[in-house]
Amino acid sequence: MSRKFFGTDGMRGRANSNPMTAEMALKLGAAAGRYFRRDGGGAHRVIIGKDTRLSGYMFETAMTAGFTSTGMNVFLLGPVPTPAVGMMTTSMRADVGVMISASHNPAEDNGIKFFGPDGFKLSDEAEMEIERLLMTDIEPAQAKNIGRAKRVDDARFRYNERIKSTLPRGMTLSGLKVVIDCANGAAYKTAPEVLWELGADVIPVGTTPNGHNINDRCGSTSPQTAAETVIAHGADMGICLDGDADRVMILDEKGQVADGDQLMALLAKSWADQGKLQGGALVATVMSNLGLERYLEDQGLRLERTAVGDRYVVERMRQGGFNLGGEQSGHIVMTDYATTGDGLLAGLQFLAAMIETGKKASELSKTFETVPQLLKNVRYATGQTPLDNAGVKRAIADAETKLMGNGRLLIRKSGTEPLIRVMAESLSEATLNAAVDSVVAAVESATR
């Protein structure tokens, strides 16, 4: 049985359009409530956080109604980073945590992702069971057993204290000028507060959310404004978060961007040198650059690859006993500190490396030489299946033949948007461009 509504990171889509409607959110809350209180007795709790999208109010209210209808008590955190939901699900002994966010997507989109009582994202099997319940008539709780809803006013401050505690005892950021771009999203208060409380001279960007401007020309997917700010203010580095603050891009003092691969390489080498890297390996997805894999091999370390999605990275980390993993897109997972990607935590680890080594950001953010990589996206309409097209299959086979022994090709459907992602790597840029363009042309022809 395949999942109908859940993608690689929960349910996601255009707000007020199927499936992301208030009605669906209510039913989903009831289905998840029934799934997590299937044992029948005792008090049951759910934690709900959100980012700054206007539609968050609608989905928060609808999910609260769904959960309370099945007897779950709801604790509303308000706008908080995604990792705060994982953290507070465990600290408040909740049965389930919910984050309402579409991450790096535009403000018109929204999404819903779940965390289990251990603070980790749900397995595919759990999501399929919730989908099954979604299609049934869910038995409501008796009137006397309807759940309550309560706001948790200090959720942000609890998260702040946990994040600050991840820096070595006594370390401060005094003397460092840091640009922090919060994407007008969930960390718009948290991130500047944490950096300032740790002693940094903070220059905030993307900290004036209005419900419509999340990820709008700011954040980890649009770091240009932050880069210009770094240069204009002579900052030591920049941290660019996405809408729900679970991913990061690092900027050096020249405004140059270091992606998740470079940050993971830095942390893997540093942790290995300190004896902190468990299993002698870093876990990353098939999207990570071939240069990262070669660098780790030179250090006597391994790269364990997974399917795309930080949840699959975390699953492999837990299976293999690894404590560092992530994605090129900036999800950096450090299970010693958090249950999911945390952009601010990763940024603090980079700052700690700057302090410990005395090196500039530009010296630390280019750990390895990348193999030339090209990624292009092709949008398709609902109901289309371009990867089943014979012409597309031929184009992929031809491109793989051209790259054989000189690179690799990766074709995949996005788990969060109707996109076909075409990515290739090769030491020959001419071969690289030809391979990607031929597949893109075939997909575009199949979707006309």
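Observations
- In this structure, residue 219 does not satisfy being in a strand (DSSP E or B), touching a residue at least 40 places away in the same chain (Cβ under 8 Å) and not hydrophobic (A, V, I, L, M, F, W, C).
- Pick from segment 371-400, criterion β-branched (Val, Ile, Thr) and open to solvent by less than 80 Å² (accessible area, probe 1.4 Å), ranking: nearest to residue 436 (Cα to Cα): 396
- Enumeration of residues in segment 1-20 that are among the small types (Gly, Ala, Ser), open to solvent by 30 Å² or more (accessible area, probe 1.4 Å) and at pLDDT below 80: 2
- Selection of segment 217-266 for residues being acidic (Asp, Glu) and open to solvent by 10 Å² or more (accessible area, probe 1.4 Å) yields 228, 236, 253, 259.
- Those helices (runs of 4 or more DSSP H) of segment 1-111 in which at least 1 residues are under 16 Å from the mean Cα position of the chain (by Cα), considering only elements entirely within it, cover 82-91.
- For the criterion of being touching a residue at least 24 places away in the same chain (Cβ under 8 Å), outside any helix (DSSP H, G or I), farther than 17 Å from residue 343 by Cα and open to solvent by less than 40 Å² (accessible area, probe 1.4 Å), residue 167 fails.
- For residue 358: the one exception among (1) modelled with pLDDT of 95 or more; (2) surrounded by 15 or more Cβ atoms within 10 Å (Cβ to Cβ); (3) more than 22 Å from the chain's Cα centre (by Cα): (2)
- Of the helices (runs of 4 or more DSSP H) lying entirely inside segment 331-448, the ones with 2 or more residues being touching a residue at least 40 places away in the same chain (Cβ under 8 Å) and touching a Pro at 6+ places or on another chain (Cβ under 9 Å) are found at 343-357, 429-446.
- Failed item in (1) in contact (Cβ under 8 Å) with a residue 12 or more places away in the chain; (2) farther than 19 Å from residue 83 by Cβ; (3) not in a helix (DSSP H, G or I), with residue 229 passing the rest: (3)
- Whichever residue in segment 140-154 is closer than 12 Å to residue 78 by Cβ and not in a strand (DSSP E or B) and, among such residues, is most open to solvent (accessible area, probe 1.4 Å): 153
The values are calculated or read from the model by the stated rules, or taken from the named source; none is laboratory data. Keep in mind that this is a model prediction, so the values were computed, not measured. A quick note on method: Cβ atoms are made from the backbone with ideal geometry, for glycine too, and the neighbour counts reach across all protein chains shown. Each accessible area value is taken on the protein alone, full model and side chains, heavy atoms only, with ligands, DNA and RNA left out. Shrake-Rupley method; radii C 1.70, N 1.55, O 1.52, S 1.80 Å.
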